[in-house]
1. Let me cross-check residue 186: its accessible surface, 1.4 Å probe, with only protein heavy atoms counted, in Å² to the nearest 10?
2. Count charges around residue 126 for me, please; just the other residues with Cβ under 11 Å from its Cβ, Lys/Arg as +1, Asp/Glu as -1.
3. In what sequence, largest accessible area first, do 75, 212 appear using a 1.4 Å probe?
4. For the stretch 3-83, just the Cα atoms, rotate onto the principal axes and tell me the three extents in Å, largest first.
5. In the P(r) worked out for the stretch 154-213, what percent of Cα pairs fall beyond 14 Å?
6. State, to one decimal in nm, how far the label point of residue 152 lies from the label point of residue 9, with both points 7 Å from Cα in the Cβ direction.
7. Report the FRET efficiency, 1/(1 + (r/R0)^6), for residue 67 and residue 1, where r is their Cβ-Cβ distance and R0 is 25 Å, rounded to 0.05.
8. Within the chain, what whole-number % of the accessible surface is contributed by carbon and sulfur, with the 1.4 Å probe and all protein chains included in the calculation?
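The values are calculated or read from the model by the stated rules, or taken from the named source; none is laboratory data. What you are looking at is a predicted structure, and each value in this text was computed from that prediction instead of being measured. Cβ placement follows ideal geometry from the backbone for every residue including glycine, while neighbour counts extend to all protein chains displayed. The area values use the complete protein model at the heavy-atom level, side chains included, leaving out ligands, DNA and RNA. Shrake-Rupley method; radii C 1.70, N 1.55, O 1.52, S 1.80 Å.
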Amino acid sequence: MSIVKEIASAVEAGKSKVVGGLVEQALNEGIEPSVILNDGMISAMGIVGEKFKNNEIFVPEMLIAARAMKKGVEVLQPHLAKQGVEPIGKVILGTISGDLHDIGKNLVGMMIEGAGFKVLDLGVDVPPEKFIEVMKENPDCKVVALSALLTSTMPALTSTIKAIEEAGLRDTVKIMVGGAPVTQAFADEIGADGYSEDAASAAELAKKLYGVA
Ligand code: B1M
């Protein structure tokens, strides 16, 4: 079995203790970090999601797989995010209210950081008021990035943008949105300034919104 396949099956089986070592081994073998991430870990999470949908596994197994992926991402992080010297600017990032998924959001944060930004990561289940509070504390921040992984939390993207509008701050920032159920059409519908499908294009989008791409 190839090392990338080994990583995928270890993530799928939730083997937290071995994933980090396997990722290190793959890096030592010269495999591209993006291949390890996409073919080794993200694809495994796709299978986990399918199994969950088909009632073959349940939330605890999904959680254990997520923990295993996090271990692998920790090892991969320095290779994905090569820091620039001076940050281009600040990006406020968070998973919106009601949503606890953070693996994709963390990857987006790493890639944006890797593109040279300082990322203010507010975590998961972030209420609109928290985004507004941090925006007020960081008036030099020009991009707010909102992640949503559940169809049931997509309306929180709308309400967060609305709350930012009502706080009189909408003109001070560009808002980008993403996450598995989010589409360009939905982003347009809710008045977001940008949508991206994955972490790499999120970093490109942040640069574009900052006017540096
Ligand atoms: Co949940 N979960 N989950 N889950 N979970 C999904 C999302 C689901 C699709 C599984 C399924 O049914 N097939 C489903 C959602 C269905 C739907 O809404 N249509 C689901 C469900 C139903 C639930 C619960 C409701 C289950 C329950 O309790 N009955 C529950 C909700 C909890 C809550 O949030 N309130 C729940 C809980 C959990 C765990 C806590 C167990 C765990 C999360 C652990 C964690 O994140 N720390 C979990 C997991 C692991 C998943 C799956 C299996 C994997 C998610 C993931 O990490 N993917 C997921 C199935 C799947 O995605 N295949 C599933 C890998 C990650 C790299 O991809 O997050 O999509 P992703 O991020 C990508 C892009 O989307 C994009 O870039 C990332 C990297 O390329 N992106 C952005 C993300 N944010 C972005 C922001 C941007 C731009 C791009 O700009 C700002």
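1. Residue 186 has an accessible surface of roughly 30 Å² with all protein chains in place.
2. Working: positive: 105, 130; negative: 99, 102, 121, 125, 129, 133.
Charge balance near residue 126 sits at -4.
3. Details: 75 30, 212 75 Å².
Final ranking, largest accessible area leading: 212, 75.
4. That works out to 39, 21, 19 Å along the principal axes.
5. Values: 965 of 1770 pairs.
The answer is 55 percent, as a whole percent.
6. Placing both labels 7 Å beyond Cα along the Cβ direction yields 3.5 nm.
7. On the way: r = 22 Å, r/R0 = 0.88.
That gives a FRET efficiency of 0.70.
8. Numbers: 5810 of 10690 Å².
Here it works out to 54 percent.
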